[in-house]
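Student: If you scroll down you'll find the structure; I have some questions about it.
The values are calculated or read from the model by the stated rules, or taken from the named source; none is laboratory data. Here the structure is a predicted model, which is why all the values come from computation and not from measurement. With ideal geometry, Cβ positions are generated from the backbone for all residues, glycine too; neighbour counts draw on all protein chains shown. In case anyone asks, the SASA skips ligands and DNA or RNA and just uses the protein heavy atoms, side chains included. Shrake-Rupley method; radii C 1.70, N 1.55, O 1.52, S 1.80 Å.
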Amino acid sequence: MLAWDPLTLAGLSGWTWGNPFLFVSPTTFATQTGGSIQGIESHAFLGSNLGTSCAALLAFAALIALSVALGTRVCRRLALDGLTRAERFVFSSGFGLSAVALVMTILGLLQLWNVAVVRALLLGSALLVAWLERTSIRVFLTRTRTRDSTGPRSTTWCERGTFALGAVAVACLAILGLVPQSFYDGLVYHQGVPNQWMQNGGITFLPGHFFSNFPLSHGVLGATLRFIGPDVTVGLLQPFCLAVSLIALACARRRVLPDSTFPVEGLVLLASLTVVENAPRAGNDLFVMMFFSLSFLALVRWRQTLWTPWVIALGFFLGAALSAKYTAAPYILVVASLLFVLRWRTAGTKAAIADMGRLALAGIVMPLPWLMKNLVVTGNPVWPLLRNVFETREVHEPGLAMATRMAASLVRSRHDLLTLPWEVSLSTPDIALLIGPVFLMLLPVAVVGLIFAGPRAKQLPLYMLAVFTCWIIWALTFRASRYASPPMAATALLYGLAINHILAKTPRVIGIVVTGVTTVSLWLLTSYFLAVGSLMHGAPAYHGGAVDTRGYFTGGHATLLPHHAHSMFEVINHLGDDVKVLILGDNRTFGLQRPHVSATIFDRPVLSRYLERAQTADELHTRLGDDGITHVAVNFLEGVRLHRHFGVFGHPPEWQQTWSKFWRSHTDTVAIFDGMVLVEIVAADTPGRRTVPEPIARIVREAEKAVAK
């Protein structure tokens, strides 16, 4: 391994930007991948930003405490006995967060997403759980620290030191998560859709939002956090999920190898660019990773005890992963197949089939509300899949076509299967595809660990085959690095087992040297990625008090988010409660606190649904009024970019004429920003109207000029 690491790291020099980990500073790397980096010029907003962060931490801690308490009762009901404190915490976290997401999903489907209702429900649940668990809470608060005798032996200095490094890394990622969200997909999809549901009072069909019919358990949890805390609270969810993943994988390793002392699996994950980059984002990839990590731990516990409740726990966690991301389905099949083979080897076909039934029944719990919603809305419970099987109403047909093309372009990328590991580890200039070198660095270790393991790990080749299958699935489908979170967690666990097998067979002095060199090497990667992430997320300027949220977006600190409409959102958020806004030229609506209508790049142009039913400006005014639209907001700069690449304003000329006449006769300017305009829809004879030139025609012209160049 010591010889392989320098060889692998040397390949970094082939990167388009040079060797970032050896010769390029974090500032340079962040600039080359994200844009300009701004400094700290003052601390004027330090107090307000700190207050917002503290409020977010308190709200998040309250929800986690409630979730863990709920999850503890679930563990007790399932009779999951013999848990260590760490196992009890991670299982309770997984069950509890799932329970909150499930209840909130049902509440949303019942159109009861109201601040008063949600807060009353959460407070009532907390009081009820506190009363039911009063004895356990009293014991927890009064007991003295004792050695944990319910599981493997106590932790060693090596484990405590490594856990401390992991805690530092997760804390840094949580601090990055407390910065205003600038993850494009999060603002459009992961938290953008739940934000729109919050303004509508519940989970509803959004005809202009392709992603609104995808399962969104993670988004529902984000909405729950925003009901009780500020917007930045959603950035804490994935760092917490990462922490649960690290602990769960460490518990799984200790269950398989009770004498192991080096939690390298956590260091491996923290040394991945994908993990560090995505942890502070309001996405779903580490949310999915958490449930797969819990599934691995449940599988290990079942393998040791053959206790049926572990199959139920395994199925539930796999279903929870599916309730956040459809692309988890192929990996779920791999884990289910692994369970089937292991059960078949020990008890035969009949017992294996019975366990598959239990797995499926437990796994359907979390996705079921989303399946029922899609059945009502589209006629297809698993939309957009199996459209030839179900009589599907093509509610997002343009989006399906575009998504299919984009998926095909990923599969047909220039990397073949043989060179793909090298490309995504070291060579690709696309940060969205870059995983980082850590998995390639440690690949030979898995082979050596298999040799050292010998008869102690008869199932290790089967596990390696399952992990390899997961990577093949990823390579043949979506090759974006964040879609690989399940195989990354499985690979980290496999590496942890392999390295500890090696350490168990080597002299103590050599083991200490290998442990130290591995820890330092992986932590150097982690610290580098943390520095890059801090600069790319604009954390120094925000947490240093140089800017508030508005300055963060308008001052060049959100380097990955050009032309954000936060200033316009601030104005809209201070309008009356009866406002409903038509958003044109942008689909990043997270943070907008009034009902609104928008469309993603995957959907028909948002104006089409109104223009196709209107022949005149007055008719268009009537159509918009029927839908409750009171204002129109246009993001000119972002609109040019979107139309240039996706044709979001591809209207027939006669529609454009109708729109131009409507704009001249039925709008009154409310505010004008740099590249943005907000107008109120008024009657044609309203006195004192102030109008600005119609922006859509100009957006189309500017986009066509850019394409011509």
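Student: Consider residue 238 carefully, then state whether it is open to solvent by less than 10 Å² (accessible area, probe 1.4 Å), in contact (Cβ under 8 Å) with a residue 40 or more places away in the chain and either touching an Asp or Glu at 6+ places or on another chain (Cβ under 8 Å) or among the polar types (S, T, N, Q) (or both).
Tutor: Here the answer is yes, as residue 238 does meet what is asked.
Student: I'd like to verify a number: residues in segment 507-543 that are modelled with pLDDT under 80, more than 30 Å from residue 327 (Cα to Cα) and assigned to a loop (DSSP other than H, G, I, E, B), how many?
Tutor: 1
Student: On to the next question. Could you please find all residues in segment 166-184 being open to solvent by 30 Å² or more (accessible area, probe 1.4 Å) and either closer than 19 Å to residue 535 by Cα or modelled with pLDDT under 90 (or both)?
Tutor: Of everything in segment 166-184, those that are open to solvent by 30 Å² or more (accessible area, probe 1.4 Å) and either closer than 19 Å to residue 535 by Cα or modelled with pLDDT under 90 (or both) turn out to be 168, 171, 172, 175, 184.
Student: Going by the conditions given, is residue 641 under 22 Å from residue 566 (Cα atoms) and touching a residue at least 12 places away in the same chain (Cβ under 8 Å)?
Tutor: Spelling it out, residue 641 is indeed under 22 Å from residue 566 (Cα atoms) and touching a residue at least 12 places away in the same chain (Cβ under 8 Å).
Student: Would you call residue 597 in contact with a helix residue (DSSP H, G or I) (Cβ under 7 Å, 6 or more places away or on another chain), crowded, with 19+ Cβ neighbours inside 10 Å and among the aliphatic types (A, V, I, L, M)?
Tutor: The answer is no for residue 597.
Student: On to the next question. Any chance segment 497-505 includes a residue that's without any contact (Cβ under 8 Å) to a residue 40 or more places away in the chain, within 30 Å of residue 470 (Cα to Cα) and either buried (at least 21 other Cβ atoms within 10 Å of the Cβ) or out of contact with any strand residue (DSSP E or B) (no Cβ under 9 Å at 6 or more places or on another chain) (or both)?
Tutor: Among the residues of segment 497-505, not one is without any contact (Cβ under 8 Å) to a residue 40 or more places away in the chain, within 30 Å of residue 470 (Cα to Cα) and either buried (at least 21 other Cβ atoms within 10 Å of the Cβ) or out of contact with any strand residue (DSSP E or B) (no Cβ under 9 Å at 6 or more places or on another chain) (or both), which makes the answer no.
Student: Can you name the condition, by its number, that residue 162 falls short on among (1) open to solvent by less than 30 Å² (accessible area, probe 1.4 Å); (2) assigned to a loop (DSSP other than H, G, I, E, B); (3) at pLDDT 85 or above?
Tutor: It fails just one condition, (2).
Student: Could you please find all residues in segment 210-235 being buried (at least 24 other Cβ atoms within 10 Å of the Cβ) and either under 11 Å from the mean Cα position of the chain (by Cα) or acidic (Asp, Glu) (or both)?
Tutor: Hits for segment 210-235 are 216, 217, 218, 219, 222, 234, 235.
Student: Ok, one more. All but one of (1) in a loop (DSSP other than H, G, I, E, B); (2) of a type in the set (Asp, Glu); (3) more than 25 Å from residue 210 (Cβ to Cβ) hold for residue 654; state the number of the condition that does not hold.
Tutor: (1)
Student: Across segment 346-379, which residue is surrounded by the fewest Cβ atoms within 10 Å (Cβ to Cβ) among those that are in contact with a Phe, Trp or Tyr (Cβ under 7 Å, 6 or more places away or on another chain) and more than 16 Å from residue 109 (Cβ to Cβ)?
Tutor: Among residues in segment 346-379 that are in contact with a Phe, Trp or Tyr (Cβ under 7 Å, 6 or more places away or on another chain) and more than 16 Å from residue 109 (Cβ to Cβ), the one surrounded by the fewest Cβ atoms within 10 Å (Cβ to Cβ) is 379.
Student: Also, quick follow-up: Looking at segment 51-75, I want the residues that are within 25 Å of residue 178 (Cα to Cα) and have a partner that is open to solvent by 50 Å² or more (accessible area, probe 1.4 Å) with Cβ atoms under 6 Å, at least 6 apart or on another chain. Which pairs are those?
Tutor: Within 6 Å, the pairs are 59/228.
Student: Now a separate question. With 303, 343 as the choices, which residue is in contact with an Asp or Glu (Cβ under 6 Å, 6 or more places away or on another chain), farther than 25 Å from residue 203 by Cα and open to solvent by 10 Å² or more (accessible area, probe 1.4 Å)?
Tutor: 343
Student: Additional query: Look through 582, 592, 620 and report the one residue that is farther than 16 Å from residue 206 by Cβ, touching a helix residue (DSSP H, G or I) at 6+ places or on another chain (Cβ under 8 Å), of a type outside the set (Val, Ile, Thr) and touching a residue at least 12 places away in the same chain (Cβ under 8 Å).
Tutor: 620
Student: Pick from 59, 65: which is surrounded by fewer than 18 Cβ atoms within 10 Å (Cβ to Cβ) and either among the aromatic types (Phe, Trp, Tyr) or in a helix (DSSP H, G or I) (or both)?
Tutor: Criteria check complete, one pass: 65.
Student: Do you know which of the residues in segment 561-585 that are assigned to a helix (DSSP H, G or I) and aliphatic (A, V, I, L, M) is most open to solvent (accessible area, probe 1.4 Å)?
Tutor: Top of the filtered list is 571.
Student: Let me ask another. Which ones in segment 652-661 are under 39 Å from the mean Cα position of the chain (by Cα) and open to solvent by less than 30 Å² (accessible area, probe 1.4 Å)?
Tutor: 659
Student: Turning to a different aspect of this structure: Being assigned to a helix (DSSP H, G or I) and either touching a Pro at 6+ places or on another chain (Cβ under 7 Å) or buried (at least 17 other Cβ atoms within 10 Å of the Cβ) (or both): is that true of residue 649 here?
Tutor: Against the criterion (assigned to a helix (DSSP H, G or I) and either touching a Pro at 6+ places or on another chain (Cβ under 7 Å) or buried (at least 17 other Cβ atoms within 10 Å of the Cβ) (or both)), residue 649 does not qualify.
Student: Moving to a separate point now. Taking segment 241-258, which residues are out of contact with any Gly (no Cβ under 6 Å at 6 or more places or on another chain), under 18 Å from residue 68 (Cα atoms) and open to solvent by 10 Å² or more (accessible area, probe 1.4 Å)?
Tutor: 243, 247, 251
Student: Given the condition modelled with pLDDT under 90, over 30 Å from residue 198 (Cβ atoms), open to solvent by 20 Å² or more (accessible area, probe 1.4 Å) and not in a helix (DSSP H, G or I), answer yes or no: does some residue in segment 125-144 qualify?
Tutor: Looking for residues that are modelled with pLDDT under 90, over 30 Å from residue 198 (Cβ atoms), open to solvent by 20 Å² or more (accessible area, probe 1.4 Å) and not in a helix (DSSP H, G or I), one finds at least one in segment 125-144, hence yes.
Student: May I pose another question? Considering only segment 662-684, I want to know if a residue exists there that is closer than 21 Å to residue 609 by Cα, open to solvent by 60 Å² or more (accessible area, probe 1.4 Å) and part of a helix (DSSP H, G or I).
Tutor: Taking every residue of segment 662-684 in turn, at least one turns out to be closer than 21 Å to residue 609 by Cα, open to solvent by 60 Å² or more (accessible area, probe 1.4 Å) and part of a helix (DSSP H, G or I).
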